[in-house]
Amino acid sequence: MSDICLGNKASLLRSYGALFRVFWPYLGVYFLYLLATMLGLVLLIIPGIAAMLLLVFCLPAIVIERRGVIESFKRSIELGKGYYWRNFGVLLLAILVGMVAMIVIAVLLALVFIPFDENLQGFGFNFISELLSSLAAPLFQIPAILLYYDMRARKEHFDGSALAQELMT
């Protein structure tokens with residue numbers, strides 16, 4: 001996403017390189033983010049939504065700003081302050097689009113399997129369905145990254161040159 005924002009050609013190799021520089025902290029933050037969100041959803045739903053909104057920017061903060069685990073959580077809360085409802089609307093829309101994409105993929109795949117009298121509960125259908133649905137996974141993370149850049153632009157006057165400078169370090 002950073003390369004696209006700078007007008008550069010996006011590269012999977014560069015993307016994975018950025019992730020692997022901070023892989024273990026990223027994995028820890030991701031686990032804690034999911035734990036807080038899921039635990040909150042199980043408890044009363046509202047705490048889960050609150051956790052999601054408070055911590056939505058922790059993953060971009062750890063990869064782009066190379067912050068530590070606790071610092072990325074603090075950074076996420078700091079960036080989101082004052083824009084929670086707006087961010088909630090954008091994320092909800094992204095979740096709905098992602099879910100619709102996964103449902104469409106599953107329905108189309110079922111239409112392919114049914115004429116061959118395949119078992120729709122079998123391993124083959126489920127494996128291919130999950131594999132194809134994983135292609136919709138970026139639809140959940142891309143809006144969070146774009147919101148992260150938007151929050152930085154609004155609160156820190158972050159622009160393309162500042163982004164380029166930060167990515168070079």
Exercise. Would you pick out the residues in segment 47-100 that are closer than 15 Å to GLU156 by Cβ and touching a residue at least 60 places away in the same chain (Cβ under 8 Å)?
Worked result: PHE57, PRO60, ALA61, ILE64, GLU65, LEU79, GLY80, TYR83
Seminar exercise, completed: Result of the Cβ filter at 7 Å on segment 133-152, keeping first residues that are open to solvent by 60 Å² or more (accessible area, probe 1.4 Å) and partners that are part of a helix (DSSP H, G or I) and modelled with pLDDT of 70 or more, at least 6 apart or interchain, is LEU139/ALA94; LEU139/VAL97; LEU139/GLY98; LEU139/ALA101; PHE140/ALA94; PHE140/ILE95; PHE140/GLY98
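Can you confirm whether segment 81-89 contains a residue that is open to solvent by 30 Å² or more (accessible area, probe 1.4 Å), among the small types (Gly, Ala, Ser) and at pLDDT 85 or above?
Step one: filter segment 81-89 for residues open to solvent by 30 Å² or more (accessible area, probe 1.4 Å), giving 81-86, 88-89.
Filter again for among the small types (Gly, Ala, Ser), leaving 82, 89.
Among the residues that remain, those that are also at pLDDT 85 or above are: 82, 89.
Yes, that holds for at least one residue.
Return the residues of segment 41-62 that are out of contact with any Ser or Thr (no Cβ under 6 Å at 6 or more places or on another chain) and in a helix (DSSP H, G or I); say none if nothing qualifies. Reasoning before the result, please.
Narrowing segment 41-62 to residues out of contact with any Ser or Thr (no Cβ under 6 Å at 6 or more places or on another chain): 41-47, 49-50, 53-54, 56, 59-60.
The answer is LEU41, VAL42, LEU43, LEU44, ILE46, PRO47, ILE49, ALA50, LEU53, LEU54, LEU59, PRO60.
The values are calculated or read from the model by the stated rules, or taken from the named source; none is laboratory data. Every value quoted in this text rests on a predicted model; they were computed, and no experiment measured them. So basically every Cβ, Gly included, is an ideal-geometry build from the backbone, and we count neighbours across all protein chains shown. All accessible areas refer to the heavy atoms of the entire protein, side chains included, with ligands and DNA or RNA removed. Shrake-Rupley method; radii C 1.70, N 1.55, O 1.52, S 1.80 Å.
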